[in-house]
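Notes to accompany the following structure.
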Amino acid sequence: MTTDLLLIVQIVLVVILVIAVLLQKSSSIGLGAYSGSNESVFGAKGPNAFLAKTTFLIGFLFIVNTISLGYLYSSAKSESVVDNILDTTNVVAPEATTTPSQTPAK
């Protein structure tokens, strides 16, 4: 249940992080050209400082969520795939109880 919620949060964080990165001003402007003139809303430096802090915060939350998902998934599964492979190689094949069929004479 908690892993499902964290997985949904992970997907939402990825989408928000991609949007925040694309909105930042770059040499080719990117999607920042479509954000409009928001300099009065975000302060004298414009949206650059706000978007940089937001991107850092979202990136930090993404890393924390990834680590917690990894921990929950690893603690939920107590044995690895290698353990399952090693357990199946020690199994002895059952003895054949039927006799082989005889080929008819020609």
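Each reported figure results from applying straightforward, stated rules to the coordinates on display, with no laboratory input. Only a predicted model underlies this, so the values are computations on that prediction, with no experimental measurement involved. We place every Cβ from the backbone using ideal geometry, glycine too, and count neighbours over all the protein chains shown.
Label-to-label distance, I19 versus L57, with points set 7 angstrom from Cα along the beta-carbon direction: 1.5 nm.
What is the distance, in nm, between label points placed 7 Å from the Cα along the Cα-to-Cβ direction at Y73 and at I85? Output for this residue pair reads 1.9 nm.
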